[in-house]
Amino acid sequence: MPGHHRRLFALDQNFPEPIVDALSQYIEGAELVPVRRIRPELSHVFDWELLRELHVDQRPWDGLITNDDKMLALAKEMTVLSQTGLTLVVVKGQGHNPIRSTGLLLCHLEHICHQMTPGTAKVWVLAVQQKKPETAVDRLTMIAEKQATTVVDLVKKNELSPDELRKGAKT
């Protein structure tokens, strides 16, 4: 896509490199580089130091992606983030499940890349909630309300006969 800028993100060590590497050709809006591939010693520094190092590095880093939501409450880290103008993406609450974290990140990454303003520090906190399933009756109730009818009338109009429900029946 002409004029499309591919974002450059450092990826902390909690994301599985083999999965990210395998999917990298399909991630159009961003390049995700594990921190240890930038410089191995960066895997062992404080988060504020990592932000500073990304800011002064030769490559034009856009931000950091991490699972460490503790840094959101640290004044030094947030101050340095603000000073560097980097974007921080925190994939929160996925426990120790790197596949869920990666999936959640990939669901939002394109939108994050499009919303970025270079030089303006932004924080994205990505989280997912487990939902309880709905029942078919819940859905029928919503459809009935939209159609100004009742569930009973909807079912009467759309239900299959006992013969049609029988296994092996031709439709």
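The table that follows gives values for the structure above.
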read-out	value
Hits in the range 125-171 (condition: small (Gly, Ala, Ser) and farther than 30 Å from Leu72 by Cα)	Ala136, Ala144, Ala148, Ser161, Gly168, Ala169
Boolean, Thr87 is polar (S, T, N, Q) and at pLDDT 95 or above	yes
Within the range 140-152, considering residues that are in contact with a helix residue (DSSP H, G or I) (Cβ under 9 Å, 6 or more places away or on another chain) and of a type outside the set (A, V, I, L, M, F, W, C), the one surrounded by the fewest Cβ atoms within 10 Å (Cβ to Cβ)	Gln147
One residue from Val137, Val155, Val128, Val123 being assigned to a loop (DSSP other than H, G, I, E, B), in contact with a helix residue (DSSP H, G or I) (Cβ under 8 Å, 6 or more places away or on another chain) and of a type outside the set (Phe, Trp, Tyr)	Val128
Close pairs from the range 7-31: first over 12 Å from Ile65 (Cβ atoms), partner in a loop (DSSP other than H, G, I, E, B), Cβ under 9 Å, at least 6 apart	Glu28/Met1; Glu28/His4; Glu28/Arg6; Gly29/His4; Gly29/His5; Gly29/Arg6
Condition met for Ser101 (assigned to a helix (DSSP H, G or I), surrounded by 13 or more Cβ atoms within 10 Å (Cβ to Cβ) and at pLDDT below 95)	yes
Tabulated pairs, the range 110-127, first over 16 Å from Leu32 (Cβ atoms), second among the acidic types (Asp, Glu) and part of a loop (DSSP other than H, G, I, E, B), C-beta under 8 angstrom, 6+ apart or interchain	Pro118/Asp62
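The values are calculated or read from the model by the stated rules, or taken from the named source; none is laboratory data. Quantities reported herein were computed from a predicted structural model and do not represent experimental measurements. Quick reminder, even Gly has a Cβ in these numbers, built from the backbone with ideal geometry, and neighbours come from all protein chains shown.
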